[in-house]
Each structure stands twice: as structure tokens, then as C-alpha cells.
Amino acid sequence: MPFEWPDAEQMTYRLWRLRRLWVLCVMVPAAVIMAAAVPPALGSLAILVIACLVTAHLVLFPNVAHETLALSLSLTGLVVVLPSVQGLAVLAPVDHVQAATVLATLLAVVTTAAVMALLAQVVQVLVHCGPVIRWRLVSRIDLPCSAGVAQRQYALQPQTRRGRILTGQVDAQGLFEVAVASAQMADPVHPDQPLVVRVAAKVLHAAQGQHDVMLIQSCGAVTVTSQRFVPMPGGCRVTLTDMPGDFTAGLYLLYWLTDQQGDTLQETADMITGAAERANGLAHGASFLSLAGLVLSPSEPLADRAK
């Protein structure tokens, strides 16, 4: 999906949904800068600038958490080494100190951009490293509708279509195909079409107020999803419990930082209530680095990539 400017409601939602990531990307630089004995005036200004840039990045690029982390770390490094860079400029002849300072600062900024690109790739690889771990993920959401209505919308059933999810017929083993259209990735064969991820599913238990499903990926990994629908005053509460079959510790951390399970619940909740789409799962997957690459080395008209 091409880059799209968010509206005010989407901005507010993204900051709330990604609040844990925001805290990490702002508090860690603040702690490092204070511990590095950076001059107070420079340190305070740097923390404020980092907070603003991280906020803008989360609002504009909500689906590239690895890049947000890389931005935070690279800016922190820049602030820590900046006093030393300016100190080196003093070694230049007196008549050229100002020019040397400007050149040294520009070089530091360019280096920071290169480090950010490298760190983004490193973070993306690290989250997938390590052994598979079996931990439960639990999220809840309250809706202004009956538990029965919520169950019909959330429960994964054969031969249904809900949003970007399409399911097929049940075979003799009780399995049915589930196709999920990705809003962030394009099909490599047909770039103008979204990537469709397919898994096999089987309903393990279905009853009033409860729905359990097993999902089998093409690689053989098995994920079990359990949903509970409890009536509440003025509506109902939906509880989603997942047991992923292919998550490493890094993926769990990233999943928690971006609150992806809560975002999944919100995507269907907006359909039920008729609210405007705001879930990050429906937002574009463009990143700052990808857009920068298009600007520096355009391969097609940029007018078609932004709205």
C-alpha cells in the first residue's frame, strides 16, 4: 500500500496503540544522554528533539517498529558523540574553525543516517533470532454490542468473508483455508495487488461465548487462538488469547511493544461499530528509509506513491 497521510483520529490512535514503543524510544535515549554527561542545555534539547522525531515517525510510519528503534538509537549516538565532533573542529586553523564545525556536523548527520539504515536491518534480524518460545498473549476489548453479535464477527468460521479475511470450505479432516490480504506488502508477482497470506484452520471448540481455532502455517507452525465473549453492562467484553507456534523472544517483545493483538481486536471492533478504519493493520507499510530511497533514486513517478 502506498504512503497515505493520517487524519487526526488515526494520529491519536497510533500514538495510543504504540505508546509502549514510544516510551522505550524516548526513555532509553534520555537515560543514555543523562548518563553520558552531555552538557545539560544540549542534552535537554536533544531529548526534546528525539521525542518529537519519534512521535512523528510513529504517526507517519506505524508499521515499521524496527526503523523507529533504529532512529532512536542512532540519534542517541549522534547526541553523545556530537560534543567530541565539535571539539575536533577546534583543531582546524583559526580561520577555518567555523567551516570545519559545519562540515564535521554534516558528516556526523550523514553517518547517523547510515547507522540508522544499518541498525534497522540488524533489529529486524535480531527479533527473529533465537529458539521458539511458547507464551500466551492475551488482550481484551469492550464493545457496545451483544456477545452474540461480537462472536459472529470475531469467530473464524468456514465459508465467510470479514474485512480482509476470506475462508474456504471444510474438508474431510475439518480443515479450511484462510486467506488474509496484507495491507503492508504487495504481491511479488503482481505489485499492484496486496500480498495474500494463506493458512489452514480448524475449529477446535465452538459454543456460546467461546470459540477456539487452530491455525497451521505452510511451514508447519501451529498457533492456537481462543476467544471469549462475556456479556457486560451496555455491551460485551471480548478476550483474545493466542499461543503462537513460531515466535521467538524478540517477536514477543516486538508484538507487545506495538500491541498488535489489541490492534487486531480494534480492526474488527471498528467494523462492528461502523467507525472509520484506524487500525495499524490496515495502514500502509511504507517506511522513512523506503521513501528516502525513492527520492534519492526514483524508479517511477512519485505522484502515485502518496495521497
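The values are calculated or read from the model by the stated rules, or taken from the named source; none is laboratory data. All values derive from a computational prediction rather than experimental measurement. Because the Cβ atoms are built from the backbone with ideal geometry, glycine has one as well, and the counts that use them run over all protein chains shown. What goes into the accessible areas is simple: the full protein's heavy atoms, side chains included, and nothing from ligands, DNA or RNA. Shrake-Rupley method; radii C 1.70, N 1.55, O 1.52, S 1.80 Å.
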Task: Those trypsin sites (Lys or Arg not before Pro) in the range 107-157 that DSSP places in a loop and that have at most 13 other beta carbons within 10 Å - done: ARG134, ARG136
- [ ] Report in % the part of the accessible area of the range 115-180 that belongs to carbon and sulfur, leaving out ligands and nucleic acids; probe 1.4 Å.
- [x] 57
Open item on the list: Only Cα pairs within less than 10 Å get springs; with that Gaussian network setup on the chain, which residue of GLN217, GLN208, GLN173 has the largest fluctuation?
Closed with: GLN173
TODO: With a cut-off of at most 16 other beta carbons within 10 Å, and DSSP calling the residue loop, which chymotrypsin sites (Phe, Trp or Tyr not before Pro) in the range 122-212 qualify? Please list them.
DONE: TRP135
Task: Net charge, GLN169 excluded, C-beta distance under 15 Å - Lys, Arg +1, Asp, Glu -1 - done: +1
Task: Accessible surface, the chain, averaged per residue in Å² (probe 1.4 Å) - done: 55
- [ ] Treating the angle as unsigned and between 0 and 90°, give the value, to the nearest 10°, between the Cα long axis of helix 65-89 and the longest Cα principal axis of the chain.
- [x] 10
Task: Neighbourhood charge, 9 Å Cβ-Cβ cut-off, centred on THR239 and excluding it, Lys, Arg +1 and Asp, Glu -1 - done: +3
Open item on the list: How much length would be gained if the chain were fully extended between ARG161 and ARG237, taking 0.36 nm per residue of separation minus their Cα-Cα distance, in nm to one decimal?
Closed with: 25.1 nm
- [ ] Quick one: angle between helix 97-126 and the longest Cα principal axis of the chain, in degrees between 0 and 90, rounded to 10, please.
- [x] 20
Task: Stokes-Einstein D in µm²/s, Kirkwood radius over Cα pairs - the range 133-282 at 25 °C with 0.890 mPa s viscosity - done: 151
Task: Mean Cβ neighbour count within 10 Å, used as a protection proxy, ranking 193-202, 34-43 highest first - done: 193-202, 34-43
Open item on the list: What is the distance in Å between the Cα centroid of the range 96-149 and that of the range 1-54?
Closed with: 11
TODO: Starting at the first residue of the range 131-137, write each ³J(HN,Hα) from the Karplus equation 6.51 cos²θ - 1.76 cosθ + 1.60 with θ = phi - 60°, in whole Hz, x for Gly and Pro.
DONE: x, 6, 10, 9, 10, 7, 10
TODO: Sort out the exposed loop GluC sites (Glu not before Pro) in the chain (DSSP loop, at most 16 other Cβ within 10 Å) and tell me the longest stretch that has none.
DONE: 5-276
TODO: Using a/c under 1.5 as the rounded threshold, could you call the range 1-88 rounded, prolate or oblate? The axes a ≥ b ≥ c are square roots of the C-alpha gyration tensor eigenvalues, and prolate needs a/b larger than b/c, oblate otherwise.
DONE: prolate
- [ ] Per residue of the range 218-231, in order, report the coupling 6.51 cos²θ - 1.76 cosθ + 1.60 (Karplus, θ = phi - 60°) as ³J(HN,Hα) in whole Hz, putting x for Gly and Pro.
- [x] 4, 7, x, 5, 10, 10, 10, 10, 10, 10, 10, 10, 10, x
Task: Total formal charge among the other residues, if their Cβ is under 14 angstrom from that of ASP259, Lys/Arg +1 and Asp/Glu -1 - done: +3
Open item on the list: Leaving out ligands, DNA and RNA, and with a 1.4 Å probe, what % of the accessible surface on the range 235-292 is carbon or sulfur?
Closed with: 60
Task: Relative contact order (percent, whole number), the range 90-210, Cα cutoff 8 Å, 6+ residue spacing - done: 14
Open item on the list: Starting from 0.36 nm per residue, how many nanometres of slack lie between GLU177 and VAL197 once their C-alpha separation is accounted for?
Closed with: 6.2 nm
